[in-house]
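Step one of this worksheet: look at the structure below.
All of the numbers you see were taken from the coordinates with simple rules; none came from a lab. None of the values given here were measured: they were computed from a predicted structure. Glycine also receives a Cβ, built like all others from the backbone with ideal geometry; neighbour counts cover every protein chain displayed.
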Amino acid sequence: MNGPLSCPADTLSPSEGERDGVRGLFRGSMREVLHERILSPKRGFRSGALNLIEAHRDFPARDRISPVPKGEGRREAKGALELLKGSKSTPGALHRLWKIGLIFFLLSGSAVAHNPDTSYTRIKVFPTELEFRFTFDVTTLLSVADLDANRDRRVTLEELFQNALVIQKFLREHISISFDSTKADFGEPEPPVFSENAQFVPEKDYHQTLAHFVFRKAIREMPTAFTLLFDIFDQLGERHTNLTSIEQNGQRDEGIVFTRFEPDYLYDTTVFAPLSDLLLRFLKLGVKHIFLGYDHILFLLALVVVSRFWDLVKIITAFTVAHTITLILAALELVRLPPRLIETAIAVTIMYVALENLWAKEARHRWVLTFAFGLVHGFGFANVLRELGLPAKGVIRCLLSFNVGVELGQIGIVLLVLPVALWLGKQSFSQNARVTASLLIFLFGLGWFVERAFGLRFMPI
């Protein structure tokens, strides 16, 4: 079958000139925006739990963006101009659309809301042992160790083994644990592995493929409490987020989000929260996930642009039912699809709905299409749960709670945007507003498609 999702791997790999072109377009403008608005926030603070191990510590903002050498900048600028010129066979309208899209991405940096890089930690607490599993994508690990020393644009499992000591040392030095106010360590490490038991990772999959580092710590008796401190943000980036899940004897499951401003957490092993607390945690996680899932948000906005109220009710209901089905199937690992395929397909759904807005006069039957696309988005929702791990009890209820959180987030977004959309629909310029909004959403979808399908990284969000 032909199509963007069924192309062979070699056709999805951009040339060096194309990579230079895209990077050259975005690097200059985004450099100042990232430094000014994202990489230089106010100094953070740490909560009271940190007093168990230290009184105070500052997180100075650092500029990690190095200047581009003149030669490299000229080479990238040349590639960018080649991209803008296009080929003679390219239709004029499509040629202009590409130009608008690239310019829009440059301008969008001035209003970017950050979508932080994410890592995962899974801690299992047993009466005689603690198990730590730290998970990072390959792109993040490259800031810790030179995994591709031979520059062959892939990282093999052997290269991961060769750099295991460097990465494990980084984890021990930048992630601290204390038992009852006494500093401890993670114990003995196990050999690292890639997700899906991959033997190597090509460059285009660096940001999708995960590597797991497991440690086991033997304990004589259970501490009454332990404190975690993540000091990884200076090296991994001030936008980095770590999602941590702690499971105790299969009876308690607690989730924590570590950021530069909230880097520590005190876990009390003597307190066992009821299932209701666990359900509330998954509900909050669902709400947070939808508000950080900018691709899901734009998909919703594309639906709102041309929909009337009752049509929108049917569309949102169909979308919810569909992603609930695939969320449960994927989270329970009854169905598994490659993350890269899922994320690329999500970008395609955004592009299609945005383009359909240009000719669709009514949305009466759109719920059928939305149901199909909702099945795709459900796999995307499941990815975050798979890495965090599901609790030992109340699995289905936790999944449904997470899904309710996603739905509440979606309803909140729709309620915010719908009044504006209804007002615009009554204005004389409503058709132009709809076309403009749809084109902008399409361009974002197109950018995500190119980024995810070809293994590039240039989108501002």
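For Arg308, the residues 5 or more places off, or on other chains, whose built amide H falls under 5 Å of its own are Ala363. Legend: ranking of residues Lys183, Lys314 from fewest to most surrounding C-beta atoms inside 10 Å; resulting order Lys183, Lys314. Starting with the fewest neighbours, write out Met459, Met222 ranked by other beta-carbon atoms found within 10 Å of each beta-carbon. Sorted ascending by nearby Cβ count, the order is Met222, Met459. Computed from backbone phi, the HN-Hα couplings of region 236-242 come to 8, x, 6, 8, 5, 10, 10 Hz, rounded to whole numbers (Karplus: 6.51 cos²θ - 1.76 cosθ + 1.60, θ = phi - 60°; Gly and Pro given as x). Here the average projected area of the convex hull drawn through the C-alpha atoms of region 296-402 stands at 6.7 nm². Annotation: extensible slack from Ala225 through Ser430 equals 67.9 nm (criterion: 0.36 nm per residue apart, minus Cα-Cα distance). With a Förster radius of 60 Å applied to the beta-carbon distance between Val313 and Glu190, the computed FRET efficiency rounds to 0.75. In this label model, Phe272 and Asp180 are separated by 2.1 nm, measuring between points 7 Å along each Cα→Cβ vector. Across region 141-273, Cα-Cα pairs more than 22 Å apart make up 46 percent of the total. Here the residues Tyr120, Tyr294, ranked from fewest to most Cβ neighbours within 10 Å of their Cβ, fall in the order Tyr294, Tyr120.
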